[in-house]
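S.K.: Quick one: the structure is below, and I'll ask about it shortly.
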Amino acid sequence: VLTPETVSFLEGGCSCAVATVDAANEPYGTRGWGVTFVAGDDVRLVLDAADRGAMEDLAATARIAVTAADVLTLRSIQFKGVARSVEPATDGDRERVARYCDAFFGNIVAIDGTPRTLLDRLVPTDFVACTVRVEELYDQTPGPAAGASMPEQPS
Amino acid sequence: VTDMSLRDLHLCFEGAVPAVIATASSDGTPNVTYLSRVRVVDDFRIAVSNQFFSKTTRNLTENPRASILVIDPVSYDEYRMTVVYERTERRGPVFERLREDVDAVAAVSGMQDVFKLRSADIYRVSQIDRVRAASAAAPNPAADPGPRITTNPQGLGELTARLSRCPDLDAIVTTTVDGLAELLGIGHSLLMLLDEPGQRLYTIASHGYPAEGVGSEVAVGDGIVGMVAARATAIRVGNMRQMVKYGMGVRRAFEQRGEISPGREIEVPGLADAESRMAVPALALGQLVGVLTVESHQQVAYTESDEAILSVVASVVAGAIEAERANAIVDDAGLPGSGTPRARRAGTGLTHVRFFEVDGSTFLDGNYLIKGVAGRILWSLLGHYEREQRTDFTNKEVRLDPSLELPEFRDNLDSRLLLLKRRLDEQAAPIRIEKTGRGRFRLDVGTELRLDGVAAPGA
């Protein structure tokens, strides 16, 4: 499912919106703090460790959707899949969050002029890392084609 | 709704930071996407703009529950709203409010023909949670939200009092933009007047910009200012950069599908990096006179109260301008049909005046000065100056000059003369216009002239 170009996009300084769902089919929105390619169609997604809603949903259904959006062009890709594991963040994950914030917030500061100190207020204080098996990809770029399934391409 | 109300979150709905919506299909597959616009409907409901039929829409028909994240653009506090989809509206006040938002995006990105609101989806909010209390490590630097309009009734009262004392159009437009800055704390403002055919707006005065921009134009219907003129309703945007970015992103998507061809970006007069822009119609006797626009670098700088105050100012300005125009025509009736000849004074240097009959465009030494009616007026005056040595004129004789092709009614001659005067002043031109009395003015030419008229094609 994942092509090198898609991986490069997902690992860049995109905004990262996340949806989970509980056993009663109640959706829940939250934010992700960095995506890293693992292998095959697996990616590692960093989440807020204090986000009980997301943690409980992942434990109950493991279903997850993530939309990554380039804040300059608004090009957006949504991937959907299953959380294979959730574990405490490692030092590497925390470094990944720092790099992600520098890239993502850096883009916002450059484009919108929002002070970095304001953006830092969004950042959680502790994290977990979730390994997601990506099953579906969608072009989520705003416009007439938003939501179209992305064709599979050879890696 | 829990301990917080939608009113507490009002800044979140100004569109400065995109909201996020999470939904789920009936088989339990979640979906997440960004929203272009969310508005408060009442104390318990919000409305979401729907421009494209999407997975979100399909999910809601199967499972009406959703989770929406919003961010306060001033504090960056984040909130999660648990909502239930109630209904879709395709007409009515909520739909119209969202339609204005969507049309504003279309207007700034040249997509009026393809980018339209399809529906307004109404959700009932069952719970609001603060996502994260402000971290001690990241104190709220926006505790002081910075300057906003000083919405004090004294300032508004003083401004309207000053406007009511203005003796002529020049004083009215100057007092408007200067008074907004001095009395209401609005540092950047632009007053545009409607032209005679009602098709374009031209700048007559501004405050707070490097160049006054007198004479710059925008077509009715183009951009935010043009939309305000076309609909005679106010528009308030607190997220200009976000809106333009979103609009251009959508435009690229339409271009890639070949539904619209790549085109120019509409040039919006004013601050290049404005975050907030509010434009209100200036109406008198039910007719549009012009549009008053204010801008700020600050996000979400203006509130509904500010919109109301600016609308009051615009109404007073429109009334004053209409009264002045009516007085000018009455005054003209009592003046002789032509001004008194007066010896021209010796000028220094030589100025090449090039006039294009086709549209009245006028250039001084190759530099664009003005076009349209104001250009024709200057060309006519300079002709009299060269042929008859005349420098003194009356508005009445200008009004009767057939070469100007003025409409019989609502000719706005005084506005055009003022536009010409201000444009000459702004350009530090060697030709100036000086008011010498009610309905009278003098052409002050401090240069030798070389007049060069270019006939219209086929003339």
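The values are calculated or read from the model by the stated rules, or taken from the named source; none is laboratory data. Since the model is a prediction, treat every value here as computed from it, not as a measurement. Virtual Cβ from ideal backbone geometry, glycine too; neighbours counted across all protein chains shown.
S.K.: What about B:ASP306, is it at pLDDT below 95 and away from chain A (no Cβ under 14 Å)?
M.R.: yes
S.K.: For region B:119-127, indicate whether the set of residues that are buried (at least 24 other Cβ atoms within 10 Å of the Cβ), touching a Phe, Trp or Tyr at 6+ places or on another chain (Cβ under 6 Å), within 14 Å of another protein chain (Cβ to nearest Cβ) and in contact (Cβ under 8 Å) with a residue 60 or more places away in the chain is non-empty.
M.R.: The answer is yes; a qualifying residue exists.
S.K.: Taking the conditions exactly as written (more than 27 Å from B:ASN152 (Cα to Cα) and in contact (Cβ under 8 Å) with a residue 60 or more places away in the chain), does B:GLY215 satisfy them or not?
M.R.: Numbers: more than 27 Å from B:ASN152 (Cα to Cα): yes; in contact (Cβ under 8 Å) with a residue 60 or more places away in the chain: yes.
Yes; evaluated as a whole, the condition is true for this residue.
S.K.: Another question, if that's okay. Can you pull out the residues in region B:228-244 that are in a helix (DSSP H, G or I) and surrounded by fewer than 19 Cβ atoms within 10 Å (Cβ to Cβ)? Talk me through it step by step, then tell me what you get.
M.R.: Taking region B:228-244 and keeping what is in a helix (DSSP H, G or I), we get B:228-231, B:240-244.
Those that are in a helix (DSSP H, G or I) and surrounded by fewer than 19 Cβ atoms within 10 Å (Cβ to Cβ): B:ALA230, B:ARG231, B:ARG241, B:VAL244.
S.K.: Just one of (1) more than 9 Å from chain A (Cβ to nearest Cβ); (2) surrounded by 20 or more Cβ atoms within 10 Å (Cβ to Cβ) trips up B:ARG91, so point out which.
M.R.: Failing condition for B:ARG91: (2).
S.K.: Got a sec? Which of B:ALA279, B:ALA314 is of a type in the set (A, V, I, L, M, F, W, C), closer than 28 Å to B:SER75 by Cβ and under 16 Å from the mean Cα position of the chain (by Cα)? Show your work before the answer.
M.R.: Working: B:ALA314 fails: closer than 28 Å to B:SER75 by Cβ.
None of the other options fit; the residue is B:ALA279.
S.K.: Now for a different question. If I ask for residues that are closer than 21 Å to B:LEU69 by Cα and out of contact with any strand residue (DSSP E or B) (no Cβ under 6 Å at 6 or more places or on another chain), which ones from region A:86-108 would you list? Step through it out loud before you land on a result.
M.R.: Kept after step one, since they are closer than 21 Å to B:LEU69 by Cα, are these residues of region A:86-108: A:97, A:100-101, A:104-105, A:107-108.
Of everything in region A:86-108, those that are closer than 21 Å to B:LEU69 by Cα and out of contact with any strand residue (DSSP E or B) (no Cβ under 6 Å at 6 or more places or on another chain) turn out to be A:CYS101, A:PHE104, A:PHE105, A:ASN107, A:ILE108.
S.K.: Examine region B:260-275 for a residue that is surrounded by 13 or more Cβ atoms within 10 Å (Cβ to Cβ), closer than 30 Å to B:ILE172 by Cα and at pLDDT 80 or above, and state whether such a residue exists.
M.R.: yes
S.K.: When only residues in region A:6-27 that are of a type in the set (Ser, Thr, Tyr) and surrounded by fewer than 24 Cβ atoms within 10 Å (Cβ to Cβ) count, which is nearest to A:PHE127 (Cα to Cα)?
M.R.: As a first pass, look at region A:6-27 and keep what is of a type in the set (Ser, Thr, Tyr): A:6, A:8, A:15, A:20.
Pick out the ones that are also surrounded by fewer than 24 Cβ atoms within 10 Å (Cβ to Cβ) and you get A:6, A:8, A:15.
Numbers: A:THR6: 24, A:SER8: 23, A:SER15: 17 Å.
That would be A:SER15.
S.K.: Within region B:285-303, take every residue that is in a loop (DSSP other than H, G, I, E, B) and farther than 22 Å from B:ASN152 by Cα and give me the one that is farthest from the chain's Cα centre (by Cα). Show your work before the answer.
M.R.: Initially, region B:285-303 is screened for residues in a loop (DSSP other than H, G, I, E, B), giving B:285-286, B:297-303.
Narrowing further to those that are farther than 22 Å from B:ASN152 by Cα: B:285-286.
Numbers: B:LEU285: 21, B:GLY286: 19 Å.
This residue is B:LEU285.
S.K.: B:ASP27: in contact (Cβ under 8 Å) with a residue 12 or more places away in the chain, more than 7 Å from chain A (Cβ to nearest Cβ) and either surrounded by fewer than 19 Cβ atoms within 10 Å (Cβ to Cβ) or aromatic (Phe, Trp, Tyr) (or both), yes or no? Before you say what the answer is, go through the steps one by one.
M.R.: Details: in contact (Cβ under 8 Å) with a residue 12 or more places away in the chain: no; more than 7 Å from chain A (Cβ to nearest Cβ): yes; either surrounded by fewer than 19 Cβ atoms within 10 Å (Cβ to Cβ) or aromatic (Phe, Trp, Tyr) (or both): yes.
Taking the combined requirement at face value, the residue does not satisfy it.
S.K.: Okay, moving on. Could you count how many residues in region B:343-395 are part of a loop (DSSP other than H, G, I, E, B) and not hydrophobic (A, V, I, L, M, F, W, C)?
M.R.: Looking only at region B:343-395, we keep the residues that are part of a loop (DSSP other than H, G, I, E, B), and these are B:343-349, B:357-360, B:365-366, B:371, B:389-391.
When the remaining residues are screened for being not hydrophobic (A, V, I, L, M, F, W, C), the result is B:344-345, B:347-349, B:357, B:359-360, B:365-366, B:371, B:389-391.
Qualifying residue count, region B:343-395: 14.
S.K.: Restricting to region B:86-116, name every residue that is within 23 Å of A:GLY29 (Cβ to Cβ) and of a type outside the set (Val, Ile, Thr).
M.R.: B:GLU86, B:ARG87, B:LEU98, B:ASP101
S.K.: Starting from region A:71-93, keep only residues that are more than 22 Å from B:LYS55 (Cα to Cα), then list their pairs with residues that are polar (S, T, N, Q) whose Cβ atoms are within a distance under 9 Å, requiring at least 6 positions of separation or different chains.
M.R.: A:LEU72/A:ASN107; A:ARG84/A:THR131; A:SER85/A:THR131; A:VAL86/A:THR131; A:GLU87/A:THR131; A:GLY92/A:THR36; A:ASP93/A:THR36
S.K.: I would also like to ask the following. Kindly provide the set of residues from region A:15-30 that are more than 7 Å from every other protein chain (Cβ to nearest Cβ) and assigned to a strand (DSSP E or B), ordered by number. Steps first, please.
M.R.: Quick first cut of region A:15-30, residues more than 7 Å from every other protein chain (Cβ to nearest Cβ) only: A:15-16, A:22-24, A:30.
The answer is A:SER15, A:CYS16, A:THR30.
S.K.: Do we find that B:THR56 is closer than 28 Å to B:GLU255 by Cβ and either of a type in the set (A, V, I, L, M, F, W, C) or buried (at least 20 other Cβ atoms within 10 Å of the Cβ) (or both) in this structure? Steps first, please.
M.R.: Details: closer than 28 Å to B:GLU255 by Cβ: yes; either of a type in the set (A, V, I, L, M, F, W, C) or buried (at least 20 other Cβ atoms within 10 Å of the Cβ) (or both): yes.
Taking the combined requirement at face value, the residue satisfies it.
S.K.: Could you list all residues from region A:41-54 that are in contact with a Leu (Cβ under 8 Å, 6 or more places away or on another chain) and either more than 15 Å from A:VAL7 (Cα to Cα) or free of Cβ contacts under 8 Å to residues at least 12 places away in the same chain (or both)?
M.R.: Within region A:41-54, the subset in contact with a Leu (Cβ under 8 Å, 6 or more places away or on another chain) is A:41, A:43, A:54.
The answer is A:ALA54, and nothing else.
S.K.: Hey, could you check region B:75-88 for residues that are crowded, with 20+ Cβ neighbours inside 10 Å and out of contact with any Asp or Glu (no Cβ under 9 Å at 6 or more places or on another chain) and say which is farthest from the other protein chains (Cβ to nearest Cβ)?
M.R.: Applying the filter and picking the extreme gives B:VAL83.
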